[in-house]
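Here's the structure, in structure tokens; my notes come after.
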Amino acid sequence: MAGSVSSGPLMHSFPSLRRQRVGFTLLELLIVVFIISLISAGFVKLMVGFGGAAQSLEDETRRLQRLSTLAAQQAILDGAPIGLLIEANAYYFVSAGEKYWLTVEGDDLLQRHQLPQGWRLALWQDGKLLPPVEANVKKDDLGKKAEQPEPSIIFYDSGEMTPFELRIHAVDQSEPTVIETDENGEVEVRFPEPER
């Protein structure tokens, strides 16, 4: 066969065609460096506590913002309003039943979520601080979902929502983060200015 290289006598006459492996390739070295950097990044996160209180506050705020957006979209898809109940240090979503507001079933994301110890929520509407609701996530004597209080924040099936400003106060932070609706009904977040 013309043009093919075989392991016969021709291979011995061209030593440059036969390579001996004497080290690591650049690709192998890059993979090792990448793995070491991933492992060291994991240890650094463990040592600093995953970013501390400021990072935890940002994470919790973003979680609630995303869940509010999800609830607004779910209300449109289901054709029924979804409410958000704010306790002193927890929140949960409720759906409109035939007569009452009921806890959302079947969606783990919209269940009651407890904030870390010492954190608190403050709901403001029309410039007034609203009192937190008392949790009623138990079932009644017949095993049915218990009636829930009227939510202060409602995501309507038309795409509209109750205007609100929700402040999340963390133990170690002097300024709260704020989740609010803008004039277009979008849920936005404001973080405190970092100290200089």
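At a glance:
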| read-out | value |
| --- | --- |
| Flag for residue 71 being within 28 Å of residue 123 (Cα to Cα), in a loop (DSSP other than H, G, I, E, B) and either among the β-branched types (Val, Ile, Thr) or modelled with pLDDT of 65 or more (or both) | no |
| So residue 16, is it in a loop (DSSP other than H, G, I, E, B), modelled with pLDDT under 65 and either of a type outside the set (Gly, Ala, Ser) or exposed (fewer than 11 other Cβ atoms within 10 Å of the Cβ) (or both) | no |
| From the options 50, 34, residue that is outside any helix (DSSP H, G or I) and either at pLDDT 80 or above or of a type outside the set (D, E, K, R) (or both) | 50 |
| Flag if residue 106 is closer than 26 Å to residue 131 by Cβ and of a type outside the set (Ser, Thr, Tyr) | no |
| Flag if residue 76 is of a type outside the set (Lys, Arg), surrounded by 14 or more Cβ atoms within 10 Å (Cβ to Cβ) and in contact with a Gly (Cβ under 7 Å, 6 or more places away or on another chain) | yes |
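The values are calculated or read from the model by the stated rules, or taken from the named source; none is laboratory data. Nothing here was measured: the structure is a model prediction, and the numbers come from that model. No Cβ is skipped: glycine too gets one built from the backbone with ideal geometry, and neighbour counts run over all protein chains shown.
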